[in-house]
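The structure appears below as structure tokens.
The values are calculated or read from the model by the stated rules, or taken from the named source; none is laboratory data. Keep in mind the model is a prediction, meaning the values are calculated, not measured. All Cβ positions, even for glycine, are placed from backbone atoms using ideal geometry, and neighbour counts span all protein chains on display.
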Amino acid sequence: MGARRVWGRAGLGAVAAAGALLLSAPAATPASTATPYCGIRWGSLPKVSGSGYSLGTIDDVRSGRHGCYDRLVIDIDSPRRAVSYDVRYVGSVHEDGSGRVVPLRGGADVQIVVRTPAYDEDYGPTYEPANRRELVNTSGYSTFRQVAWAGSFEGQTTIGLGTRARLPMRVFVLDGPGDDARLVIDVAHRW
């Protein structure tokens, strides 16, 4: 009985000491063996650059498929200032001027506001989509479901992008060709 009691106290002491060590030691961070999909670390928060107007004009909207993402490109003719934009996931995209909802296919809506008009100084259109509901053909795309026109009003243009889900995106401007610029929106195929 005596040996058992000593062993019991020793065992309890060892358990108590181990517990104290566990409580005082910093939590171990598990080693992550998974790498981000295609190395993408973009996130899905709003992408905003600048606040002024570029004073150029939009003259085309096009898209492309890539191995890790789908790409939308908005061509801007002769911007006289840095291209300013606000690209973000929203509950719904609304038309410029009227405020009407632009219905989009997909699980998430991206509102693309480019502070550049799609009309010239005489209000003549510089970009007139053949079909306002389908600016580009997205059939066969992994992420894009629809690209729709939401209008150009008071010096800015809005485009709605329907995506499969809220996925990581990045936005940047490429210069050229010539004195033109391209606003690029990439949306990853998955997280």
Gly124 modelled with pLDDT of 95 or more and out of contact with any strand residue (DSSP E or B) (no Cβ under 8 Å at 6 or more places or on another chain): yes
Per-region count, segment 15-63, residues modelled with pLDDT of 50 or more and either under 30 Å from Thr126 (Cα atoms) or over 33 Å from the mean Cα position of the chain (by Cα) (or both): 18
Of residues in segment 49-93 being of a type in the set (A, V, I, L, M, F, W, C), touching a residue at least 40 places away in the same chain (Cβ under 8 Å) and not in a loop (DSSP other than H, G, I, E, B), the one surrounded by the fewest Cβ atoms within 10 Å (Cβ to Cβ): Val73
Looking only at segment 137-155, and only at residues there that are within 18 Å of the chain's Cα centre (by Cα), outside any strand (DSSP E or B) and not small (Gly, Ala, Ser), the one that is farthest from Ala188 (Cα to Cα): Thr138
Scan of segment 156-168 for residues that are over 20 Å from Ser139 (Cα atoms) and either acidic (Asp, Glu) or under 13 Å from the mean Cα position of the chain (by Cα) (or both), ordered by number: Pro168
Condition check for Asp86: out of contact with any Leu (no Cβ under 9 Å at 6 or more places or on another chain) and acidic (Asp, Glu): yes
Unmet requirement for Asp186, which otherwise passes all of (1) assigned to a strand (DSSP E or B); (2) in contact with a Leu (Cβ under 7 Å, 6 or more places away or on another chain): (2)
Scope segment 133-180; condition charged (D, E, K, R), without any contact (Cβ under 8 Å) to a residue 40 or more places away in the chain and either surrounded by 14 or more Cβ atoms within 10 Å (Cβ to Cβ) or under 21 Å from Trp42 (Cα atoms) (or both); matching residues: Arg133, Glu134
Residue ID - farthest from Phe172 (Cα to Cα), chosen from residues in segment 104-132 that are under 16 Å from the mean Cα position of the chain (by Cα) and in contact (Cβ under 8 Å) with a residue 60 or more places away in the chain: Val110
Breaking point among (1) modelled with pLDDT under 95; (2) in a strand (DSSP E or B); (3) not acidic (Asp, Glu), for Val113: (1)
Arg4 being modelled with pLDDT under 95, closer than 30 Å to Asp179 by Cβ and loosely packed, with under 10 Cβ neighbours inside 10 Å: no
Failed item, numbered, when Ser78 is tested on (1) in contact with a strand residue (DSSP E or B) (Cβ under 7 Å, 6 or more places away or on another chain); (2) at pLDDT below 95; (3) over 17 Å from Val171 (Cα atoms); (4) of a type in the set (Ser, Thr, Tyr): (1)
Hits in segment 105-126 (condition: of a type in the set (A, V, I, L, M, F, W, C) and surrounded by 23 or more Cβ atoms within 10 Å (Cβ to Cβ)): Val110, Ile112, Val114, Ala118
